[in-house]
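Undergrad: I'd like to ask some things about the structure below.
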Amino acid sequence: MAASLRDTPPGLFDLFRKTVSSLIRSEDVLSTPTMANIQALLILSMSGDCHGTQTGSLMSFAWTRTGTAIRMAQDLNLHRAEISKEGTETRRRVWATCVVVDRWYSAAFGYPQVRRSVPIGDLG
């Protein structure tokens, strides 16, 4: 994602963030568990961390989006490798990103880990 580079003009990143946020509202991304929606929520949760100032509301938005992405991933059984052999590599990568982002916010902001209560499954 080019907007994650530090030398990208802030105006371009703000335009990207506004466009994606409006799509989230219009496409009901927060209620429909799909791989695309999970990926969008994870990107949005990480993008504020890369370019925003560390304010309480940005941290809260990032943590909430990450939690929603993780619950959607669990709804699609991404944490269980044996459920589907179709798209296994993508499923593993998306789930691994959920785990890493969850741990990151837990360590960085002191929030509890969402995925701690769910078995990770055999993703090796």
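Undergrad: Taking all protein chains together and a probe of 1.4 Å, list Arg71, Arg93, Arg17 from the most accessible to the least accessible.
TA: Descending accessible area places them as Arg93, Arg71, Arg17.
Undergrad: FRET efficiency for Leu15 and Trp104, Cβ-Cβ distance as r, R0 = 25 Å, nearest 0.05?
TA: For Leu15 and Trp104, the calculated efficiency is 0.45.
Undergrad: A further question follows. Ranked from the most accessible area to the least, with a 1.4 Å probe and all protein chains present, what is the order of Trp63, Trp104?
TA: Trp104, Trp63
Undergrad: Take Tyr111 and Leu58, extend 7 Å from each Cα along the Cα→Cβ direction, and tell me the distance between the two endpoints in nm.
TA: It is 1.4 nm.
Undergrad: So, one more: Might you work out the accessible area of Asp75 for me, using a 1.4 Å probe with all protein chains in place, and round it to the nearest 10 Å²?
TA: Using a 1.4 Å probe on the heavy atoms, I get roughly 100 Å².
Undergrad: At 7 Å along Cα-to-Cβ for each site, give me the label-to-label distance between Ser31 and Arg93 in nm.
TA: With each label placed 7 Å out from Cα toward Cβ, I get 3.1 nm.
The values are calculated or read from the model by the stated rules, or taken from the named source; none is laboratory data. The shown structure was predicted, so the numbers you read here are calculated from the model rather than taken from an experiment. Please note: Cβ atoms are built from the backbone with ideal geometry, for glycine as well, and neighbour counts cover all protein chains shown. To get the accessible areas, we keep the full protein, side chains included, count just its heavy atoms, and leave off ligands, DNA and RNA. Shrake-Rupley method; radii C 1.70, N 1.55, O 1.52, S 1.80 Å.
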